[in-house]
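To start, the structure under review is shown below, and the notes come after it.
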């Protein structure tokens, strides 16, 4: 047989998978590993989905997505962030934000183009850049600067081959939520070197005590920004698999071509449900965000009491504590915690593999605190028991 594509075989599977596979073999595991809110989705979404099913409203939609849904997305973004997108040709509904990232990169990259992003970060950026024929250029951030991107570091990484910058904030796994001023500096760099910006804002609703900065609302950013959003996190609708991309018409047209030939359209029932969530689910979202903030405050306090240094994240539903005091690296910590106390976390190395920053990856773990309170309390007890004999 002829060999498989090197662009795929050369990329390793996510470092998260090994520990999920190990956890599946152990009964009674409490998971702080899976990045999804264990919270019900808006009742309006459920009702709309049921009505659509019972009414046989399940045919294909436009490749761009339901027009009423795109209109609702445009209205919502305008109301919350003051950004303007035309529903007809500047918004594309995708099968989750993961698809949107993939087809956005395939739409803008030529072979060998470089794409800058800052780690620790979401695990798909490096692989999707590679699959699109690009070269990932991963920079490092540290707890000392709250895991925020450094504009000077980004500027220094730009070469003649740089095509784009990926920004994913609030950040998975660190919860970092930079100030508007930081983003303004990055936009200036993108303007100076004529770069695209992919802004993955899937956690935009999950911020605490700060305001989320929508990248395309910054002067000079709109025409070069591909804004990505969705319903998995802020609306607790992970399995519905709906995301969206907003960008200038030429970009959306290019993305639509790939989407058309690979996905055709996002799932119809899910689009209907997410539209209802967007239009009628705001109170539900606010209630969930308030609940997540309380979980964050409780969990971070307990981590610090146990001797795992952790600043309160300003966004997402992840904590990224240091485990240096235990004398274990993050993979040792994850495996031993799972076997000893049946608690699953994710090693920081899963989020730093492209920059090669083993210092940060090996010294931190990611914990998702978006689980029921009773499970979170039990996980904290088990985690504390594990740490107290090592600190």
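Every number in this text was worked out from the coordinates using simple rules, so none of it is lab data. The model shown is predicted, which means the values in this text are computed figures rather than measured ones. Glycine gets a Cβ as well: all are built from the backbone with ideal geometry, and neighbour counts include every protein chain shown.
The table that follows gives values for the structure above.
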read-out: Nearest-0.05 FRET efficiency for residue 142 and residue 67, computed from C-beta distance (R0 30 Å); value: 0.10
read-out: Solvent-free Debye scattering, log10 I(q)/I(0), computed from the Cα coordinates of region 136-183 at q = 0.15, 0.32 Å⁻¹; value: -0.41, -1.44
read-out: Computed over region 33-118: relative contact order in percent, which uses C-alpha pairs under 8 Å that are six or more apart; value: 19
read-out: Protection proxy ranking of 245-252, 299-306 - average other beta-carbon atoms within 10 Å, highest first; value: 245-252, 299-306
read-out: Cβ-derived FRET efficiency at R0 25 Å, residue 253 paired with residue 111, nearest 0.05; value: 0.70
read-out: Rough spin-label spacing in nm, given labels placed 7 Å along Cα→Cβ, for residue 305 and residue 193; value: 4.6
read-out: In nm, spacing of pseudo-spin labels at residue 280 and residue 47 (7 Å Cα→C-beta vector); value: 0.4
read-out: Antiparallel DSSP beta bridges within the chain, as percent of all bridges there, nearest 5; value: 40
read-out: Gain upon complete extension [residue 340, residue 264; 0.36 nm per residue less C-alpha separation]; value: 22.7 nm
read-out: Linear extension gain, residue 12 paired with residue 378, 0.36 nm per residue minus alpha-carbon span; value: 128.4 nm
read-out: By average C-beta atoms within 10 angstrom, highest first, the peptides 71-83, 314-326; value: 314-326, 71-83
read-out: Net length gained if the chain between residue 325 and residue 88 were fully extended (0.36 nm per residue, minus Cα distance); value: 79.9 nm
read-out: R0 of 25 Å, Cβ-Cβ distance residue 36-residue 388: FRET efficiency to nearest 0.05; value: 0.30
read-out: Structure-derived Cα extents along the principal axes in Å - corresponding label in (i) 60, 54, 54; (ii) 153, 61, 41; (iii) 64, 44, 34; value: (i)
read-out: Sequence-separation-based contact order of the chain, relative, with Cα cut under 8 Å and 6+ spacing, percent; value: 25
